[in-house]
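Only one structure is covered here, and it is reproduced in the block below.
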Amino acid sequence: MVIYFVTGSKDKLIEAQQIIPEIKQVSFDLPEIQSLDAREIIRHKLNEALKTIDDAVIVEDTALHLDCINSLPGPLIKWFMNAVKKEGLWRIADLHKDYGATARTIIGYTSKEQVFHFFEGELKGTIVEPKGDKGFGWDAIFQPDNYSVSMGELSLEEKNKISMRSIAFKKLREFLLVN
């Protein structure tokens with residue numbers, strides 16, 4: 001069974017294929033609505049993907065919620081990263097002296113029947129001064145609870161054992177095995 005993953009991120013694809021090797025990348029721009037409700041974003045992305053793909057398809061949304069600013073940026077992380085970069089997010093947490101954060105990935109899946117399924121992974125941690133050059137995005141400023149290193153210091157194998165994305169993809173894999 002082939003599942004098409006609509007993403008422009010080769011890094012996300014590599015992480016996903018470590019868990020579900022049958023995933024194939026389809027790279028085209030999906031219009032992304034802005035919302036604090038990640039499931040609303042996922043539903044919209046799936047509907048847009050179905051206009052082009054007539055097969056099993058997945059999309060995902062990964063969010064970073066900072067405790068110090070009432071869970072923002074959440075699903076708006078892409079826009080915060082464009083505006084203030086990872087160093088700016090670190091400075092925001094440091095300014096407030098509140099470093100708690102939650103990383104969350106939601107995967108949306110549908111097949112030809114067009115029934116939407118959601119799979120969520122969550123990882124608690126803290127915002128740290130940027131360290132490490134592995135990973136991508138904001139990995140260098142997110143340190144998982146019970147770890148002394150950031151996600152940007154973990155190898156792909158180490159990251160995929162604990163990440164919010166791997167948790168969500170493992171839930172999808174279990175669903176696919178049963179259905």
Check: How many of the residues in the stretch 128-155 are crowded, with 16+ Cβ neighbours inside 10 Å, among the charged types (D, E, K, R) and assigned to a loop (DSSP other than H, G, I, E, B)?
Finding: 1
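May I ask you to say which residue of Phe80, Phe118 is aromatic (Phe, Trp, Tyr) and assigned to a helix (DSSP H, G or I)? Full working, then the answer.
On the way: Phe118 fails: assigned to a helix (DSSP H, G or I).
When all the criteria are applied, what remains is Phe80.
Taking Leu72 as the residue in question, decide whether it is modelled with pLDDT of 95 or more and buried (at least 19 other Cβ atoms within 10 Å of the Cβ). Give the steps one after another, and end with the answer.
Working: modelled with pLDDT of 95 or more: yes; buried (at least 19 other Cβ atoms within 10 Å of the Cβ): no.
Judged against the criteria, Leu72 is not a match.
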Notebook entry, point to check: Hey, among Lys112, Lys124, Lys134, which residue is within 26 Å of Ile23 (Cβ to Cβ) and out of contact with any helix residue (DSSP H, G or I) (no Cβ under 9 Å at 6 or more places or on another chain)?
Noted result: Lys112
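Of a type outside the set (Asp, Glu) and in contact with a Gly (Cβ under 9 Å, 6 or more places away or on another chain), is that true of Ile92?
Working: of a type outside the set (Asp, Glu): yes; in contact with a Gly (Cβ under 9 Å, 6 or more places away or on another chain): no.
It is false that Ile92 is of a type outside the set (Asp, Glu) and in contact with a Gly (Cβ under 9 Å, 6 or more places away or on another chain).
Which of the residues that make up the stretch 31-50 are surrounded by fewer than 17 Cβ atoms within 10 Å (Cβ to Cβ) and either part of a loop (DSSP other than H, G, I, E, B) or hydrophobic (A, V, I, L, M, F, W, C) (or both)? Reasoning before the result, please.
Pass one, the stretch 31-50, residues surrounded by fewer than 17 Cβ atoms within 10 Å (Cβ to Cβ): 31-37, 39-40, 47, 50.
Within the stretch 31-50, Pro31, Glu32, Ile33, Gln34, Ser35, Leu36, Asp37, Leu50 qualify.
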Check: So how many residues does the stretch 101-115 have that are basic (Lys, Arg) and in a strand (DSSP E or B)?
Finding: 1
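Filter the stretch 6-42 down to the residues that are among the hydrophobic types (A, V, I, L, M, F, W, C) and more than 25 Å from Glu174 (Cα to Cα) and list them by number. Working first, answer last.
Start the filter on the stretch 6-42 by keeping residues that are among the hydrophobic types (A, V, I, L, M, F, W, C), which leaves 6, 13-14, 16, 19-20, 23, 26, 28, 30, 33, 36, 38, 41-42.
Answer for the stretch 6-42, where residues must be among the hydrophobic types (A, V, I, L, M, F, W, C) and more than 25 Å from Glu174 (Cα to Cα): Phe28, Leu30, Ile33, Leu36.
The values are calculated or read from the model by the stated rules, or taken from the named source; none is laboratory data. Owing to the predicted nature of the structure, the values given are computational and were not obtained by experimental measurement. Glycine gets a Cβ as well: all are built from the backbone with ideal geometry, and neighbour counts include every protein chain shown.
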